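This report refers to the structure that appears directly beneath it.
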Amino acid sequence: MTKRQTKEPGRHRWRLVANLRRAVFMLFVFGQTGIASYYLLWVLPYHGGTALEISMLVLFAILYAWIAVGFWTAVLGFVIRLMGGDRHSIVKRHTKAQLQQTPMAKTAVLLPVYHEPVHWTLSGLKAVYRDIERTGQIDHFEFYILSDSRDPDVWLEEQVAWNKLARELGGEGRIFYRRRPVNLNYKSGNVADFLRRWGKRCTYMVVLDADSLMTGSSIVRMVRLMQREPGVGILQTNPNIINGQSLFARIQQFANRFYSTLFASGLAAIQMGDAAFWGHNAILRIEPFMKHCGLRKLPGIGIFGGPIMSHDFVEAAYMGRAGYEVWLEPALGGSYEESPPTLADELARDSRWAKGNLQHLWIMLTEPGLRFAHRMAFLNGIMAYVASPLWLAFLVLTSIAAANMALSPIEYFPDGHQGLFPLWPEWRPEWALGLALSTLALLFFPKFLAIFDAIIHRYTRAFGGLPRLFLSVVLESLISVLLAPVRMWAHSRYVVSALLNVSLQWAGQNRTEETGWKEAFITQLPGMLLGGAWSVFAWSLDTLFFFWSLPVALPLVLAAPTAVYLSRVSLGQALRERRLLLIPEEDKAMILLREAVDYRAREPSESTLTPLEQAVLRRDHNRLHQALAWDHRRGSRAVELERCVAQCLEQGPEALSRSEMSQVARDRQSLKALHAGAWRASPDNYWGRAITRLSAETYDTQV
């Protein structure tokens, strides 16, 4: 499909609609921001007559516009849904009968993993496989587990679990496993490695995350939509958060599931065919993706140099530059993911995302040929984190202004003001109150607009009924207020660290553990000290200023207990039993979700041996790993591998570094030698003791 072909008459009629919508949208956002900034100008004592007040005004305008974008997106989503959906979306273009008659095409389902819980992750893939199987279209799909895991105990377990999964599902020749020996360019490099090796086997690829679940009917529908829309390069669904257990996860789950109905509908209506790509739970056309979406290393310095960490928005922008459309279609449904279980885990994830999103500033400003909508998507992602230090800066400036008014005499000729007449400071508390209320309305009105939408479309019962839904919204709003300053402080630190190019460690996500008191106080102590110091400072200046500071200072002071109690599974489950923070998938579980939970609950019997020890001692495991290994004994490497094998047999695997053990486990001859040598070891040797433990276990083994 060439660029010219995608611009046939009628193909891009949606662009006129999109441009009109975006113009009206920006008119509302900037018009409202202009009015609010005018009010602030007259609320300030010197009406912008000082450098301090001008700085406050600039920061306020930026932040108010940022909030207004979210507000008007929700309003547009409400209007779109009130009109029965967006008639210009690609889902509305094709009837159910037309889609059912559309032939399928070969599609790869990719699952990139990096140090994830093995059984838990592959159980999710198993549920997706079974659900596609129920559609009768499984022959059109191939599944690829793409591992970047470095720890031998992890990737050896992955290989065994993959082999077991393929045999259990009858998926030999359909479910594949590949581990890259060298981890380059993060997840995007992993997908690129797949494309170089197998990209020409399939027409499309569906990319999942370790916690992703997608219904078979949704995936099949996406393939058929891509078949009918040759100009579409990426089709993205809106993932809903599920399986929340802790109070924190259930809060995030409810907010995502309930509010995203409006926000996703509004976002899709604004972006249309210039949507963003979120990196997972989407389908991509492989040929143009391979041709146009390769990621170069950034040529700048510091954070703006080296590999691109957050690849998804960039790939969507490159696809759009090549003339292909990128669509977000919330109406597709059937797309799910999971939330981090604790505040600490969410913030750890945000520390990586902040750096990746800030990198996009270079691309947004320097990359030629990108569509304006995709540049705005970059800006939106950047502001998701930069807004926090801007808010912090605004609070600092207001504190300085309050200190000046309390401690310094009134200046009638501020900042070089000249003339015969002084500049009289004026205070308009009623205007300030009105401006504060309008800002709160922008933040909280969309939440209650979502309740109106639920009443109009009659789905309040799916969220526990109207009274419980209302209580859930109030509870979520209160906790969001409690978390906002904590996130502001954390994101501010992450932005500064990113700009200083502080290196980050990438690791698998915590799925179950609660936050302990010691961990909470260690991680939250800087913010707690900041909040306490600010409150003391505010009290020393003025009682009214002290009370004004409490909505920010108090959550910071309480950050540690907040993090601990939000991580508690017992609190989350207590609310679920009372049908609060309920989502439709909990009230009436789908087969896919029920099977995923069931498969994950069937934990394999625990072994006292590590996966590495089993790879050496168990004949079936050893043969499997040999079949997946290569012959690396060439030249000086052969001598090194022989030394490592001898040392491992004599002292055990702990005598080798992780890198050395990985090299041994990747070599066919070394695995064979380890198996033979371990079974000849004396009883008091490391491997002799391991054999004793193996013999005591009650699972089937062949030796």
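The values are calculated or read from the model by the stated rules, or taken from the named source; none is laboratory data. Keep in mind that this is a model prediction, so the values were computed, not measured. Here Cβ is always computed from backbone atoms with ideal geometry, including for glycine, and neighbour counts include all displayed protein chains. The accessibility values were calculated without ligands, DNA or RNA, using every heavy atom of the protein model including side chains. Shrake-Rupley method; radii C 1.70, N 1.55, O 1.52, S 1.80 Å.
Key figures for this structure:
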quantity: On Cα atoms only, tilt of 429-456 relative to the major axis of the chain in degrees; calculated: 50 degrees
quantity: P(r) weight above 14 Å for region 220-303, C-alpha pairs, percent; calculated: 74 percent
quantity: Positive minus negative residues near V645 (Lys, Arg vs Asp, Glu; Cβ under 11 Å); calculated: -2
quantity: Histogram of C-alpha separations across region 113-183, 10 Å bin width, %; calculated: 19, 53, 23, 4
quantity: For region 44-144, diffusion coefficient by Stokes-Einstein and Kirkwood Rh (Cα), 25 °C, 0.890 mPa s, µm²/s; calculated: 125 µm²/s
quantity: Local electrostatic count at S670 - Lys and Arg +1, Asp and Glu -1, tallied over other residues with Cβ under 9 Å; calculated: +2
quantity: Solvent exposure, largest accessible area first (probe 1.4 Å, DNA, RNA and ligands not counted), of R81, R180; calculated: R81, R180
quantity: Cα centre as origin, Lys/Arg/Asp/Glu Cβ charges: the chain dipole, Debye; calculated: 2540 debye
quantity: Solvent-accessible heavy-atom area per residue, rounded to whole Å², over region 457-562 at 1.4 Å; calculated: 56 Å²
quantity: Normalised contact order of the chain, rounded percent, pairs of Cα under 8 Å and 6 or more residues apart; calculated: 17 percent
quantity: Ratio of Rg to Rh over the chain (Cα coordinates, Kirkwood Rh, two decimals); calculated: 1.01
quantity: P(r) tail fraction, region 458-598 - alpha-carbon pairs more than 25 Å apart, %; calculated: 48 percent
quantity: Average projected area [Cα convex hull, region 138-234], square nanometres; calculated: 7.2 nm²
quantity: All Cα pairs of region 590-703, percent lying beyond 19 Å; calculated: 50 percent
quantity: Between 0 and 90°, nearest 10: helix 118-134 axis offset from the chain longest Cα axis; calculated: 90 degrees
quantity: Accessible area expressed per residue, region 265-328, with surrounding protein chains retained (probe 1.4 Å, Å²); calculated: 28 Å²
quantity: Highest average packing first - 383-390, 611-618, Cβ atoms within 10 Å; calculated: 611-618, 383-390
quantity: Paired Rg and Dmax values of region 216-267, which use every Cα atom, in angstrom; calculated: 14.7, 44
quantity: Stretch gain in nm, segment V639-V496, where the contour uses 0.36 nm per residue and the Cα spacing is subtracted; calculated: 46.8 nm
quantity: For region 222-377: Kirkwood Rh in Å [reciprocal of mean 1/r, alpha carbons]; calculated: 16.7 Å
quantity: Most to least accessible of I522, I303 (protein chains only, probe 1.4 Å); calculated: I522, I303
quantity: Candidate residues W72, W362, W327: accessible-area rank, largest first, probe 1.4 Å; calculated: W362, W72, W327
quantity: Nearest-ten-degree value, helix 372-407 long axis tilted from longest Cα axis of the chain; calculated: 50 degrees
quantity: Sum of side-chain charges, H374 neighbourhood, beta-carbon under 14 Å (Lys, Arg +1; Asp, Glu -1); calculated: 0
quantity: Euclidean distance of C-alpha centroids, region 24-67 and region 214-282, integer Å; calculated: 34 Å
quantity: Protein accessible area in the chain, 1.4 Å probe - carbon and sulfur %; calculated: 61 percent
quantity: For peptides 331-338, 396-403, sequence by mean Cβ density within 10 Å, most packed first; calculated: 331-338, 396-403
quantity: Cβ-Cβ FRET estimate between T543 and L571, R0 fixed at 25 Å, reported to 0.05; calculated: 0.10
